[in-house]
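Novice: Structure incoming, see below.
The values are calculated or read from the model by the stated rules, or taken from the named source; none is laboratory data. Please read all numbers here as calculations on a predicted model, not as lab measurements. Quick reminder, even Gly has a Cβ in these numbers, built from the backbone with ideal geometry, and neighbours come from all protein chains shown. Protein only, heavy atoms only, side chains kept; ligands, DNA and RNA dropped before computing areas. Shrake-Rupley method; radii C 1.70, N 1.55, O 1.52, S 1.80 Å.
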Amino acid sequence: MSAPFEIREYGDPVLRTRCREITNIDAAIAKLSADMIDTMYSARGVGLAAPQIGVRSRIFVYDEGNGPKTMINPVIEESSGTWEFEEGCLSVPKMYFTFVRPKSITFSGFDLDGNQHAFKATDYLARVLQHETDHLDGKLLLDRITSDDRKQALRTLRLREVH
Ligand code: ZN
C-alpha cells in the first residue's frame, strides 16, 4: 500500500488553521479521500483529517473497526456525558494522554456521494469523531488535556525538536 502523503506533525501551522467547508464533492475530493485512507492505514491510524496532510478542507477519514469511512463538512450537533479514555494522534507521535471527552454525540456529515448522514455515536466511535472534527478547527488533543499534562507534553516535544 502506498502512502501518498507525509503526515504533518506538531509545530506545523497547518494543524492550527480552521479548515474551509467543501462546497463541491467532486472527483478531486474522492481522490483526496482515497489517498487519505491509504495514508491512514500506512500509519496504522484510526483516523486522519485533511490538515494532517496539509489540506485546509473539512474532510476526514476513519476506520474504527468497520471499514474506511469518509466524512465531509462534519458537525457535532449535540454532546452529552463524560468518558475518560487514552488517546493518541498521528501528528503528535508516540504520545498518549488519558483525558475526558463527552461520551455521546449526535453527529452529521456528508459522504462522497453527497448524501448527508446524521447519527448518534458513543464511546470509541464518538471519541474518534470528536478527535477528527477538532483537527478541522485547528485543535489538537494537547488543547484538551490538563495544563500539567500539557506542560509536560510540550517539554517532551521541544526536546524532540532539538535532536
Ligand atoms: Zn489527530
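Novice: Given the conditions (1) among the small types (Gly, Ala, Ser); (2) within 20 Å of ILE145 (Cα to Cα); (3) within 13 Å of the ligand (Cβ to nearest atom); (4) surrounded by fewer than 20 Cβ atoms within 10 Å (Cβ to Cβ), and given that SER80 satisfies all but one, which numbered condition is not satisfied?
Specialist: Exception for SER80: condition (3).
Novice: Let me ask something else about it. Which ranges mark the strands (runs of 3 or more DSSP E) fully within region 89-129 that have 1 or more residues being closer than 27 Å to ASN24 by Cα and more than 16 Å from the chain's Cα centre (by Cα)?
Specialist: Numbers: elements: 92-101, 104-110, 116-122.
Fully inside region 89-129 and qualifying: 104-110, 116-122.
Novice: Sticking with this structure for a sec: For PRO51, work out the one condition from (1) open to solvent by 10 Å² or more (accessible area, probe 1.4 Å); (2) touching a helix residue (DSSP H, G or I) at 6+ places or on another chain (Cβ under 8 Å); (3) farther than 22 Å from ALA121 by Cα; (4) not acidic (Asp, Glu) it doesn't fulfil.
Specialist: Status for PRO51: all satisfied but (1).
Novice: Are any residues in region 103-130 farther than 17 Å from ASN73 by Cβ and either modelled with pLDDT under 95 or in contact with a helix residue (DSSP H, G or I) (Cβ under 7 Å, 6 or more places away or on another chain) (or both), and if so, which ones?
Specialist: Those that are farther than 17 Å from ASN73 by Cβ and either modelled with pLDDT under 95 or in contact with a helix residue (DSSP H, G or I) (Cβ under 7 Å, 6 or more places away or on another chain) (or both): LYS103, SER104.
Novice: Kindly evaluate ASP134 against the criterion of being exposed (fewer than 14 other Cβ atoms within 10 Å of the Cβ), under 18 Å from the mean Cα position of the chain (by Cα), modelled with pLDDT of 95 or more and within 15 Å of the ligand (Cβ to nearest atom).
Specialist: No.
Novice: So which residues in region 61-77 are in contact with a Phe, Trp or Tyr (Cβ under 9 Å, 6 or more places away or on another chain) and either in contact (Cβ under 8 Å) with a residue 60 or more places away in the chain or open to solvent by less than 40 Å² (accessible area, probe 1.4 Å) (or both), if there are any at all?
Specialist: If the condition is that a residue be in contact with a Phe, Trp or Tyr (Cβ under 9 Å, 6 or more places away or on another chain) and either in contact (Cβ under 8 Å) with a residue 60 or more places away in the chain or open to solvent by less than 40 Å² (accessible area, probe 1.4 Å) (or both), then ASP63, GLU64, THR70, MET71, ILE72, ASN73, PRO74 are the ones that fit.
Novice: Could you check region 83-121 and list, in sequence order, the residues that are within 16 Å of the ligand (Cβ to nearest atom) and surrounded by 12 or more Cβ atoms within 10 Å (Cβ to Cβ)?
Specialist: PHE85, GLU87, GLY88, CYS89, LEU90, SER91, VAL92, PRO93, MET95, PHE97, PHE99, ARG101
Novice: Picking from LEU154, LEU159, which residue would you name as being among the hydrophobic types (A, V, I, L, M, F, W, C) and open to solvent by 70 Å² or more (accessible area, probe 1.4 Å)? Walk me through how you get there before you give the answer.
Specialist: On the way: LEU154 fails: open to solvent by 70 Å² or more (accessible area, probe 1.4 Å).
None of the others qualify; the one that does is LEU159.
Novice: Take region 16-43 and flag every residue that is surrounded by fewer than 19 Cβ atoms within 10 Å (Cβ to Cβ), part of a helix (DSSP H, G or I) and among the hydroxyl-bearing types (Ser, Thr, Tyr).
Specialist: TYR41, SER42 - these are the residues of region 16-43 that are surrounded by fewer than 19 Cβ atoms within 10 Å (Cβ to Cβ), part of a helix (DSSP H, G or I) and among the hydroxyl-bearing types (Ser, Thr, Tyr).
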